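Chemist: I am attaching a structure below and will ask some questions about it afterwards.
The values are calculated or read from the model by the stated rules, or taken from the named source; none is laboratory data. In this text, all values refer to a predicted model and were calculated from it rather than measured experimentally. When we count neighbours, we look across all protein chains shown, and the Cβ atoms used for this are built from the backbone with ideal geometry, even at glycine.
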Amino acid sequence: MSTPSTLRDIGSRLELFVDDHLISERRGARLQLCHPLPANVALRHDAPWEGRYTIYSTVLREGDLWRLYYRGWPDVGEKSRAYTCCAESRDGIHFTRPEYGLFEFNGSRANNIVLGPTGGGEDSATHNFCPMLDTRPGVPESERYKAMGGSFRSGIFAFASADGVRWRLFSERPVVTHPTFAFDSQNVPFWSEAEGCYLFYYRTFVKAPGAEKAQVRWISRRTSDDFLHWSDPVEMDAGAAPIEHFYTNQTFPYFRAPHLYISLGARFWPGRRALSEGDAQGLDAPPKYLNDVSDGVLMTSRGGNRYDRTFLESFLRPGPGPRNWVSRTNYPAIGVWPTAPGEMSLYATREYTQPTNHTRRYTLRTDGFASLSAGYDGGEMLSHPLRFAGARLLLNYATSAAGGLRVEIQDEQGRPLPGFALGDCREIIGDHIERAVLWAAGDSVAALAGRPIRLRIVLKDADLYALRFAP
């Protein structure tokens, strides 16, 4: 495989192998999707104000405090009312419900509700309230937290909060409206350090290929300088990837590489049934939710209106047993955060529409969404020309006992640089989140900083998850 070579100015950024951004050529090596491992139940949604329709979760971390926001919707009748709830954790593993005492439910304020209904059912901002921690430089203390919520009838309203618990309208009028977009999904805002603006990714529709009227749930985005005035929508482009329903997009900047946006989208398959009649009889789920399935998919973006779908396979599968083969379950939450050395956690709603509805935690290796991988027969990659800043090349990698990696640094024309040829590199074996590459003369590459170079990386029975140049 070969692509046109263009200079990549990566500075000292961490670069993950979730796409071909760095790769000009590869032989015998492939980009390999990783899969999160199920861990513990982070929170069971069994409080009276939550219920079987709890969904649309966001996990934010500030210092040593994690907050899990989600929709509680104890009934979906004509006069039902949704609530925005918030659970807290000091480790990102176990969450509890603080009694904020802000809103009344069934005559009591002893609950973790942080926003009461602003309308009925799907007309309420609490139907799909989606918060963010605003990291924009100079943001006022009273606006450190922001959020979006609303419907196609009301439009999308902006909210602000000083503490993430006590919310107020940021504008008395909706900030995003459209006559045909449903907005009946989790619509995602965040501040982009890389693009220097607020971004808003939300539900739209595209026409199904070869169909006159059939519409497919898809994603568009808008930009803003102030969170109040937004650009016209631009439809996201996934290149040659097939058109599939995405119920949520869950796009957010990766905490170790904020120039790279991770999207853990909920891929929705309406009318695709996995449950037998016997399976269905064993579930306490409404019949209309037995005929669809969904899973979690990994997409990435480096800004603009482009999603990269290097991996079409499922990132988060429904798994064994019938409970997660019902409609609208397995929806990933927004946010991936470190929870232990070498470990990061993500979260997903499980067993939707059932009394056992809960949020489960999953774990991945740090940076481990995907890897550049080669088997026992070996493989290699050659990078595009790169310009970096730093003095050492650090790798996040894992090998077998028989495997290893070597790195050669070349000039822009592909000639090995003296002292940095493949034969000068000490074989790299083991399993490390961050380990410096050593050549015969040591690990310093400071003399090469700022000039165009290429990296040739040779692997055997090994995975390379990320690299960066560091001081």
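Chemist: Restricting to the range 68-79, name every residue that is in contact with a helix residue (DSSP H, G or I) (Cβ under 9 Å, 6 or more places away or on another chain) and either surrounded by 17 or more Cβ atoms within 10 Å (Cβ to Cβ) or free of Cβ contacts under 8 Å to residues at least 12 places away in the same chain (or both).
Modeler: The answer is ARG71, GLY72, TRP73, GLY77.
Chemist: I'd like the residue in the range 335-355 that is of a type in the set (Val, Ile, Thr) and closer than 17 Å to GLY368 by Cα and, out of all such residues, is surrounded by the most Cβ atoms within 10 Å (Cβ to Cβ).
Modeler: That would be VAL336.
Chemist: Where residues in the range 177-201 are modelled with pLDDT of 95 or more and aliphatic (A, V, I, L, M), which of them is nearest to GLN250 (Cα to Cα)?
Modeler: Within the range 177-201, the match that is nearest to GLN250 (Cα to Cα) is VAL188.
Chemist: Out of (1) in the same structural domain as SER294 (by TED's automatic domain parsing); (2) surrounded by fewer than 24 Cβ atoms within 10 Å (Cβ to Cβ), what's the single condition that is false for ASN330?
Modeler: (2)
Chemist: Right, next: Given the options ASP308, ASP295, ASP284, ASP279, name the one that is touching a residue at least 24 places away in the same chain (Cβ under 8 Å) and touching an Asp or Glu at 6+ places or on another chain (Cβ under 9 Å).
Modeler: None of the others qualify; the one that does is ASP308.
Chemist: Next question. What is the residue count in the range 65-109 for residues that are among the charged types (D, E, K, R), under 15 Å from PHE129 (Cα atoms) and at pLDDT 95 or above?
Modeler: Number satisfying all stated conditions: 2.
Chemist: Here is a follow-up. So is ILE23 crowded, with 20+ Cβ neighbours inside 10 Å, over 29 Å from ALA340 (Cβ atoms) and modelled with pLDDT of 95 or more or not?
Modeler: Answer is yes for this residue.
Chemist: Also, quick follow-up: Given ALA266, ALA274, which one is in contact with a strand residue (DSSP E or B) (Cβ under 6 Å, 6 or more places away or on another chain), assigned to a loop (DSSP other than H, G, I, E, B), among the hydrophobic types (A, V, I, L, M, F, W, C) and modelled with pLDDT of 95 or more? Let's see the steps before the verdict.
Modeler: Details: ALA266 fails: assigned to a loop (DSSP other than H, G, I, E, B).
Exactly one residue qualifies, and that residue is ALA274.
Chemist: Also: With hydrophobic (A, V, I, L, M, F, W, C), closer than 30 Å to ALA449 by Cβ and touching an Asp or Glu at 6+ places or on another chain (Cβ under 8 Å) as the only criterion, which of LEU364, LEU393 stands out?
Modeler: Only one candidate qualifies: LEU393.
Chemist: Examine the range 310-318 for a residue that is buried (at least 21 other Cβ atoms within 10 Å of the Cβ) and over 20 Å from the mean Cα position of the chain (by Cα), and state whether such a residue exists.
Modeler: no
Chemist: Sticking with this one: Quick one: ASN112 ticks every box in (1) at pLDDT 95 or above; (2) loosely packed, with under 14 Cβ neighbours inside 10 Å except a single one, so which number is it?
Modeler: The failed condition is (2).
Chemist: Under the condition of being under 22 Å from TRP73 (Cα atoms) and among the hydroxyl-bearing types (Ser, Thr, Tyr), which residue from the range 126-183 is farthest from the chain's Cα centre (by Cα)?
Modeler: Within the range 126-183, the match that is farthest from the chain's Cα centre (by Cα) is SER154.
Chemist: Only one of these is over 21 Å from ILE334 (Cβ atoms) and without any contact (Cβ under 8 Å) to a residue 40 or more places away in the chain: PHE205, PHE157. Name it.
Modeler: Selected residue: PHE205, the only one of PHE205, PHE157 that is over 21 Å from ILE334 (Cβ atoms) and without any contact (Cβ under 8 Å) to a residue 40 or more places away in the chain.
Chemist: With the requirement that a residue be in contact (Cβ under 8 Å) with a residue 40 or more places away in the chain, of a type in the set (Gly, Ala, Ser), surrounded by fewer than 22 Cβ atoms within 10 Å (Cβ to Cβ) and under 25 Å from GLY51 (Cα atoms), what does the range 252-276 give you?
Modeler: ALA274, the sole residue that qualifies.
Chemist: A further question follows. Please state which one of GLY423, GLY430, GLY414, GLY375 is free of Cβ contacts under 8 Å to residues at least 12 places away in the same chain and surrounded by fewer than 20 Cβ atoms within 10 Å (Cβ to Cβ).
Modeler: Being free of Cβ contacts under 8 Å to residues at least 12 places away in the same chain and surrounded by fewer than 20 Cβ atoms within 10 Å (Cβ to Cβ) holds for just one of GLY423, GLY430, GLY414, GLY375, which is GLY423.
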